[in-house]
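Only the coordinates and a few stated rules stand behind these numbers; no lab work does. Remember, predicted model here, so these are calculated numbers, not experimental data. Counting neighbours? That spans all protein chains shown, and the Cβs are built from the backbone with ideal geometry, glycine included.
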C-alpha cells in the first residue's frame, strides 16, 4: 500500500500550526509532522478591525516556511483553515487573495459553528466518551459544545479567548482584584447558556492551553505514564495549579516545567476559564483531548463516503491498528478468545475469582493484544508488551484503562507482574490488583494452549472438585508443544484460582465417542 500523506494548516489567533498526517492501514490518520509558529495575529487587528500590513506580512512569512515543509511530501490533500482573528478581520478577502498569490494556499475561513463542530468531531472520534462538554480556548474566541449519545446537541462561540482575556490584567502578574473581575465576567458569560449548567459530566479540554495545564499537572505529580490524550484531572487539580502559577513572578512562570514559554502570559486567564466552566457545569472530571480542530477537519473528509461523520468503533479501530502494527495473528486471536470466553464462563459459574461482565471486557480487550512485544524481542516480550501498551495512546481508553490493559496483556508470572505494577501500586486497591493478576494469569494460560498458533486445542471440558480442576483438552493434531507450555504455565494459574489443575490432552475424535 502506497503511503498517503495529508496536511492541514491551522491559522489561529495566537499560534499557527502545520500538521502532516499519514493514513494508516486501518484508515485512521497518524501525525508524522507538527510545526508550530507563534504569530499572535490577534495583536495585529487595528481599531477598524483590519489585519494590518505587518500582520499580513507576518502571516505570509510563516506560511512560506510551512510551504517548504509541505513541498517535501507528496500530499494527497492540503487544507488551510483560519479561525477567529481572520474571521473577525474586515479585510479578509484581501488576506485570502494575498495568500493565494504569494504562497499558493487557498484559505478557508471557518464559521463559529464550524470551529466548534470540528472540535466536537475530534473528541467523539478519538475517545469513548458518550456525553460531555468540550471547550477550546483560542486566542480570540472560545468554543463550547454539548454532545449526548455522541451526537452534537448545542454549540456556542464566545468572542473572547486567552489573548483578549489577558487584557483584564494590567501587568504580567495579575492582581487579586483583577482575577475577581475576570471570574465574575466569565461566570456571567457561562450563565447565559442554560445547557451547560449542573451537567455532572466530563469537561473535555481541547487546544494548547488545555495541553499545557495537563503537562504541568503531570510534571508536578511526576506522572509515570507517557501521553496526554484522555488524561483525567479533578477540580482540585485545576485550582491547585491555578493558585501555584498565580503566586509566581513572571520570570519564574516562564520556566515552569510543562508550560510553553509563549503561553506564560496567557495561561492564567485560560485556567480561569477551565475553573469557572467546571464549576458552572458541576463537571465530574476534566479530560484532555489531544485531538482537536485540525483532526476534526480530516475526520470529516475521511467519513464522507461512510454516510456519517461519527466513527462507530473508536476503540476497536485503535486495537486494529495495534494488530496491524505488531503483525498479530487474527486467526489465533479469534481462537484464543473463544477458549478464553469458555474458561471465563466456567470459572464464573463455579464462583471462582468473583468475576463480572466488566472483567470480561478487560480480558477480551487484552486478548487482542496479548504478548505483542514478541514482535520486538521474544526474550523480553513481557517487558516490551507492558511498556508499549502502557505508554502508547489508544483512542477510546483513559490512562487507567490503558494501564489495566497493559498489565493483563503482559502477564508472565507473579514476580514480573509485581515489577510492572509497583510504580502504580497506590492507584489500585489490593483486591483490584489481585483481580488484574487473576485475569492476566488466565489469559497467559489460555495462550499457552495455542503456543504454536495452529489451533491444535479445538475445545475443552472442565470438571471440578473441592481442590482440583480437571481440564480435558480435545486436539486435532500433535499437541506436544502446547502440552509443554501449558504444564509450565499452569502453576501461575493454580495460584490465582487456588486449586490444583490437571491437564489431559486427547485426540479430538474422542470427544464425539464419549458416552
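Here r is the Cβ-Cβ distance between residue 177 and residue 364 and R0 is 60 Å; the resulting FRET efficiency, rounded to 0.05, is 0.60.
Can you show me the helix-derived [θ] at 222 nm for the chain, built from DSSP H runs with n ≥ 4 at -39,500 (n - 2.57) apiece and divided by the number of residues, rounded to the nearest 500. Mind dumping the intermediate values first?
On the way: 20 runs with 238 residues, N = 515.
Only helices count here, giving -14500 deg cm²/dmol.
Using only alpha carbon pairs under 8 Å that are at least six residues apart, calculate the relative contact order of segment 1-41 and give it in whole percent. Value for segment 1-41: 38 percent.
How would segment 277-337 be classified by its alpha-carbon gyration tensor: rounded, prolate or oblate, with rounded meaning a/c under 1.5 and the a/b versus b/c comparison settling the rest? Oblate, because a/c is 1.5 or more while a/b does not exceed b/c.
Helix 267-281 and the long axis of the chain differ in direction by around 60°, with both axes built from C-alpha atoms.
Stokes-Einstein, applied to the Kirkwood radius of segment 76-152 over Cα pairs at a viscosity of 1.567 mPa s and 4 °C, places its translational diffusion at 92 µm² s⁻¹.
Which FRET efficiency value, to the nearest 0.05, is calculated for residue 102 and residue 255 with the Förster distance at 35 angstrom and r the Cβ-Cβ distance? Walk me through the intermediate numbers first.
Values: r = 38 Å, r/R0 = 1.08.
In this case the efficiency is close to 0.40.
Relative contact order for segment 405-450: what is it in percent, counting Cα pairs under 8 Å that are at least 6 residues apart?
Details: 26 pairs, mean separation 26.8, N = 46.
Relative contact order, segment 405-450: 58 percent.
Quick check: convex hull of the Cα atoms in segment 456-499, volume per residue, rounded to a whole Å³? Mind dumping the intermediate values first?
Values: hull volume 2.8 nm³, N = 44.
Output value, Cα hull per residue: 63 Å³.
Using C-alpha pairs below 8 Å separated by at least 6 residues, the relative contact order for the chain is 11 percent.
Ratio of Rg to Rh for segment 5-109: 1.00 [Cα atoms; Kirkwood radius as inverse mean 1/r over pairs].
The alpha carbon radius of gyration of segment 391-504, expressed as a multiple of 2.2 N^0.38 Å, is 1.19.
Would you give the gap between the C-alpha center of segment 470-486 and the C-alpha center of segment 133-177, rounded to a whole Å? Their Cα centres are 61 Å away from one another. Compared with the dominant Cα axis of the chain, that is its longest principal axis, helix 314-325 is turned about 70°.
Going from the alpha-carbon gyration tensor of the chain, what semi-axes, largest first and in whole Å, does one get by taking the root of 5 times each eigenvalue?
On the way: eigenvalues 524, 135, 72 Å².
Output for the chain: semi-axes of 51, 26, 19 Å.
Take the Cβ atoms of residue 380 and residue 350, set R0 to 51 Å, and the FRET efficiency comes out at 0.90.
For the chain, the longest principal axis of the Cα atoms and the long axis of helix 357-369 meet at an angle of about 90 degrees.
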